[in-house]
1. Quick one: is residue 92 closer than 30 Å to residue 167 by Cα, without any contact (Cβ under 8 Å) to a residue 24 or more places away in the chain, exposed (fewer than 14 other Cβ atoms within 10 Å of the Cβ) and not charged (D, E, K, R)?
2. Any chance you could count how many residues in the range 330-354 are among the polar types (S, T, N, Q), out of contact with any Pro (no Cβ under 7 Å at 6 or more places or on another chain) and part of a loop (DSSP other than H, G, I, E, B)?
3. Considering the range 194-221 alone, what residues qualify as being closer than 24 Å to residue 328 by Cβ and either part of a loop (DSSP other than H, G, I, E, B) or among the hydrophobic types (A, V, I, L, M, F, W, C) (or both)?
4. Filter the range 222-236 for residues that are part of a loop (DSSP other than H, G, I, E, B), over 19 Å from residue 137 (Cβ atoms) and in contact with a helix residue (DSSP H, G or I) (Cβ under 7 Å, 6 or more places away or on another chain) and give the result.
5. Has the range 141-156 got any residue that is among the acidic types (Asp, Glu) and closer than 21 Å to residue 36 by Cβ?
6. For residue 258, work out the one condition from (1) at pLDDT 95 or above; (2) closer than 28 Å to residue 432 by Cα; (3) touching a Phe, Trp or Tyr at 6+ places or on another chain (Cβ under 9 Å) it doesn't fulfil.
7. Anything in the range 17-49 that is open to solvent by 50 Å² or more (accessible area, probe 1.4 Å) and either among the hydroxyl-bearing types (Ser, Thr, Tyr) or closer than 19 Å to residue 94 by Cβ (or both)? List them, or say none.
8. Of the residues 126, 150, which single one is assigned to a helix (DSSP H, G or I), of a type in the set (D, E, K, R) and either touching a helix residue (DSSP H, G or I) at 6+ places or on another chain (Cβ under 9 Å) or in contact (Cβ under 8 Å) with a residue 40 or more places away in the chain (or both)?
Amino acid sequence: MGLLTFKGGIHPFDGKELSKEQPIEVYLPKGTMAYPLSQHIGAPAKPVVKKGDRVLKGQVIAEAGGFVSAPIHASVSGTVKGMEPRLTATGTMANAIIVENDQQYEEVEYQPVTSLGELTKEEILKRIQEGGVVGMGGAGFPTHVKLAPKNPESIEYILVNGAECEPYLTSDYRRLLEEGEQVVEGLKVMLALFDNAKGYICIEDNKPDCIRKMEELVKDIPRIEVKALMTKYPQGGERALIYATTGREINSSMLPADVGCVVDNVDTVTAIYKAVMLGRPVIDRIVTVTGDAVAQPKNFLVSTGTNMNELVEAAGGFKGQPEKIISGGPMMGFSMYGLDIPCTKTSSAILSFLRDEVSHVQETACINCGRCVSVCPGHVIPARLATFAQHGDMEKFQEFDGMECCECGCCSYICPAKRPLTQSIKSMRKMVLASRKRG
């Protein structure tokens, strides 16, 4: 059978060889911890601690601010110093609870369960909610909301996104290779919520060792299969993954549940296992520290709230002054001004490059070559949409399906004129969404 894929996409230099052979290293933070109250989509969490309180590792320090929200837990033991605005990876300021790390790592007592059969579906969802589990692939959507669709009986596929199509990132690869058992157990928890669903663990074929390991782990489990995907960006995008594995299509006005699917990243699925079976909340995640400016690229298991400066130092520091630092992948990540930023539940990578290739190119006029159209997984005309955006023509932008753009960056990457297509379209999409809210 041929490899599964979607229409469009690109093959950028993947850069994974820098860190893929580096096993996960547990990093114990040394400095003061900062926990932003907005580490998820939805209402910010509400603090339940005050200045001077002593907290333990795993303790709730902020409760969910609404149904679409998630609690925040301390990842170290120490003393609350107060609340301060802190810069986030997206360039915005967010209120954060500041905890002075006492280096003792005293932990609360968790409440594990011995068997999944002990729990009702409602209890499973409650443990996921109380564990603060959100989409850890970058979106940050509260997982208990995603796993409670209006018609759970209509869910036919649970897709575990192990594609990791972004260049340079290897955190999901190491998770599958070293802790694949936890991914399988997390998927079993999800399947317990949906009686009619099958589980697919989706992995690109540039990770043959992961595919072999996961196939061995699930060979005797009737409701779980491994799906080998063609290595292509953005194979791990939600719409692309659903089409590649099920042949079903969704648009910007639909949710995966509308076509009978639930999609979650491997880190999220592992967090579901820990929250439900071990009673352990989200207090850490794997972060890849890599790029040609990093002396010793590595994969760290990082406590949330850890300052990014510490991680770069733990990776040997910089070989030279980087021109570009990115949180996340090079295609959809966020460029950062510096590293005095806390790691959150959605921090997947810190990329540092000696040369900012994009800033050194010069934009020229569109030559109408159509390459952006051929690679677009959303099947729109990026060059035309970008022109509408630059002219502020919101009506034409929507008429030509501008809201179907998934902001993957394929068009900007492939454009021979080096037009900032994705950036222009992204800005106009924000304007359209803002106008819809006002309307």
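The values are calculated or read from the model by the stated rules, or taken from the named source; none is laboratory data. Predicted model only: the values in this text are computed from it and were never measured. Note that we place each Cβ from the backbone using ideal geometry, even for glycine, and neighbour counts take in every protein chain shown. Just the protein is used for accessible areas: all its heavy atoms, side chains included, with ligands, DNA and RNA removed. Shrake-Rupley method; radii C 1.70, N 1.55, O 1.52, S 1.80 Å.
1. Yes.
2. Qualifying residue count for the region: 3.
3. 201, 202, 203, 205, 206, 207, 210, listed by residue number.
4. 223
5. So far as the range 141-156 goes, no, none of its residues is among the acidic types (Asp, Glu) and closer than 21 Å to residue 36 by Cβ.
6. Only one criterion is unmet by residue 258, namely (3).
7. 32, 38, 41, 44, 46, 47, 48
8. Just one listed residue meets the conditions, 126.
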